[in-house]
Amino acid sequence: MENVKLIMLDMDGTLFTNDKRITIETMQSLLNAHKLGIKIGIATGRPVFNVKRTVQAYQLEGVVDYIVGLNGVEVANLVTDRIYYQDQISCDMSCEVFEKLKHTDMNMIAYTKECAYARFDEPRVHRLCKHLQLPLQIYDFSSDTKTWNKLLAMRSYPFTKEECEYLVSINNERYHGFITDVDCFEIVNSKVSKASGIKVICEELGITIDEVMAFGDSGNDVDMLKAVGYGVVMANGSNEAKAVAKYETLSNEEDGIAYFLEKYAGGTL
């Protein structure tokens, strides 16, 4: 593992099994890598404050050194408790996104550490609020005056193929989005991605992105898998993610991370 200095992990569909567990095998493989001096990080669409709770809940303190949150908007060093903020979504961008979504039945959501803001009240946003442990406030995005870390387009049943194509079509040079679930599209400033967040960590560590190994499975992992030296997609990953990854491992239900790290450390890849 001498060529790898940092391992970055997506959470849902990658580090977690489908029922939100981290297996003993996966945990042990990360502990072994960390003992070798390899830094461990999480790269996710979730905010840093929420990932910190997860790190504590799964007893990952002392193992996870970095977090790339909100698909690259936030970067946190858990050892020094420092958070770096990159480019955010301005109020004029959110107003523009609202104009492109208002003719649909999709909810538009943004949130801070204190509160979640939504276009309207419906079950999907309540599930999100419960997950983030945030209260809900109905908000008029048509005259937005706030700056956001990211925006969400969501609803309580899956997007159609045509709707997915439409959502991707709204991407431009100012902001871009990713389909991250069958009913969720996440939008961030076009200057940020999981890859840009990892580059911030590389600069702090004094390493190159070629010395990074990353595991992911979905659309918001594409930039990360493409940028790093060792991009590994899970067997359950999307076609988009598989198209850019250099390696493929077993699924999140089959200890894919542990399997790949064992194979790589053993020199059989």
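No lab work stands behind these numbers, since they all come straight from the coordinates. None of these values were measured; they are calculated from a predicted model. So basically every Cβ, Gly included, is an ideal-geometry build from the backbone, and we count neighbours across all protein chains shown.
Some points to look at:
- Here the stretch 160-268 is treated as a Stokes sphere of Kirkwood radius computed over C-alpha pairs; at 25 °C and 0.890 mPa s its diffusion coefficient rounds to 165 µm²/s.
- Dipole orientation for the chain: of the candidates PHE260, ALA57, ALA43, ALA57 has the Cα lying most toward the positive pole (charges on Cβ; Lys, Arg +1; Asp, Glu -1).
- Hydrodynamic radius (Kirkwood) for the stretch 91-189, which is based on Cα pairs only, to one decimal in Å: 13.5
- Proxy reagent accessibility, fewest Cβ within 10 Å first, across SER143, SER190: SER143, SER190
- Separation of the ASP181 and GLU253 label points, Cα + 7 Å toward Cβ, nm: 1.8
- Too-long pairs where the Cα-Cα distance tops 19 Å, listed order kept, from LYS191/LYS246; LYS100/LYS150; LYS5/LYS226; LYS39/LYS199; LYS5/LYS246: LYS191/LYS246
- Residues of the stretch 194-214 with amide N under 16 Å of the 7 Å Cα→Cβ point at THR80: 198-207
- DSSP beta bridges fully contained in the chain are about 55 percent antiparallel.
- Exposure proxy for THR147, THR17: other Cβ atoms within 10 Å of each Cβ, ordered fewest to most, give THR147, THR17.
- The GluC sites (Glu not before Pro) of the stretch 126-189 that meet both conditions, a loop assignment by DSSP and at most 10 other Cβ atoms within 10 Å of the site Cβ, are GLU173.
- Residues HIS103, HIS131, sorted so that the one with the fewest Cβ neighbours within 10 Å comes first: HIS103, HIS131
- Label sites at ILE207 and HIS103, each approximated as a point 7 angstrom past Cα along Cα to Cβ, lie 4.8 nm apart.
- Histogram of C-alpha separations across the chain, 10 Å bin width, %: 7, 31, 37, 20, 6, 0
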